[in-house]
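Visitor: Below you'll find the structure I mean.
The values are calculated or read from the model by the stated rules, or taken from the named source; none is laboratory data. As the structure is a computational prediction, the values presented were derived from the model and not from experiment. Virtual Cβ from ideal backbone geometry, glycine too; neighbours counted across all protein chains shown.
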Amino acid sequence: MRLLLVSIAFLSVLSVSCENKNTIDEGGIYIYLLADHESLDPLWEIDESTIVPEEKPIIQYEDILSYDSKSHTFKISSAAQESFKGTESSIHSRPFVLVANNEYIYTGYFWAAYSSAICPWLTIDPIHAQYAGELRIALGYPWLMEDMSIPDRRNDGRILNILRQDGKLIE
């Protein structure tokens, strides 16, 4: 009988801790640098089945203050803005993945505005992030050029639903 009571108590605690974990994980949007990935043809397209994100996100959901769905711009906290200082050269051309509800939504590259090279994929300028406190998700760098074909998932419903629910969406 005592073993039964201990087992029930253990399962109850386990059940509650699992419920709490799911609540914490759901509803978040995060941006991770990639530790590893493979590219498809064209060279810049990231094969999402090969993505290995770094352990810690570069942008936490708490750092996202708002998202403007027309300009595709995240306004970030001053702490997140500060984290970009001095990273221009180390983060330039680094791939990232945006994750919502633990699902990969889209990939891109941090691409500094001083670059003379084009990037035919989604980009975020880390210098703009540092000085303006915004992550503007652009289709290509310097812009979407003729013959570039980039899937546009910047306003994916999973992202917008999370932001709308938390009052962070500007439509």
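Visitor: Would you be able to say whether some residue in segment 124-140 is in contact (Cβ under 8 Å) with a residue 12 or more places away in the chain, surrounded by 15 or more Cβ atoms within 10 Å (Cβ to Cβ), touching a Leu at 6+ places or on another chain (Cβ under 7 Å) and β-branched (Val, Ile, Thr)?
Guide: yes
Visitor: To continue, here is another question. Going by what's in this entry, would Asn155 be described as assigned to a loop (DSSP other than H, G, I, E, B) and either surrounded by fewer than 16 Cβ atoms within 10 Å (Cβ to Cβ) or in contact with a helix residue (DSSP H, G or I) (Cβ under 7 Å, 6 or more places away or on another chain) (or both)?
Guide: yes
Visitor: Please find, within segment 133-149, the residue that is modelled with the lowest pLDDT out of those that are within 18 Å of the chain's Cα centre (by Cα) and outside any loop (DSSP other than H, G, I, E, B).
Guide: Among residues in segment 133-149 that are within 18 Å of the chain's Cα centre (by Cα) and outside any loop (DSSP other than H, G, I, E, B), the one modelled with the lowest pLDDT is Gly140.
Visitor: While we're here: Go through (1) of a type outside the set (Gly, Ala, Ser); (2) surrounded by fewer than 14 Cβ atoms within 10 Å (Cβ to Cβ); (3) touching a Leu at 6+ places or on another chain (Cβ under 7 Å); (4) more than 24 Å from Leu40 (Cβ to Cβ) and name the single condition Leu163 misses.
Guide: (2)
Visitor: Select from segment 64-109 the residues that are part of a helix (DSSP H, G or I) and either under 18 Å from Leu160 (Cβ atoms) or among the small types (Gly, Ala, Ser) (or both) and list them in ascending order.
Guide: Ser78, Ala79, Ala80, Ser83, Ser89, Ser90
Visitor: Can I ask one more? Return the residues of segment 110-123 that are surrounded by fewer than 22 Cβ atoms within 10 Å (Cβ to Cβ) and in contact (Cβ under 8 Å) with a residue 40 or more places away in the chain; say none if nothing qualifies.
Guide: Within segment 110-123, Cys119, Pro120 qualify.
Visitor: May I ask you to list pairs of residues, at least six apart or on different chains, whose Cβ atoms are under 9 Å apart, with the first in segment 149-160 being within 14 Å of His72 (Cβ to Cβ) and the second being part of a helix (DSSP H, G or I)?
Guide: If the second residue must be part of a helix (DSSP H, G or I), the pairs left are Arg153/Ile159.
Visitor: Would it be correct to say that Thr87 is in contact (Cβ under 8 Å) with a residue 24 or more places away in the chain and surrounded by 14 or more Cβ atoms within 10 Å (Cβ to Cβ)?
Guide: Yes, satisfied.
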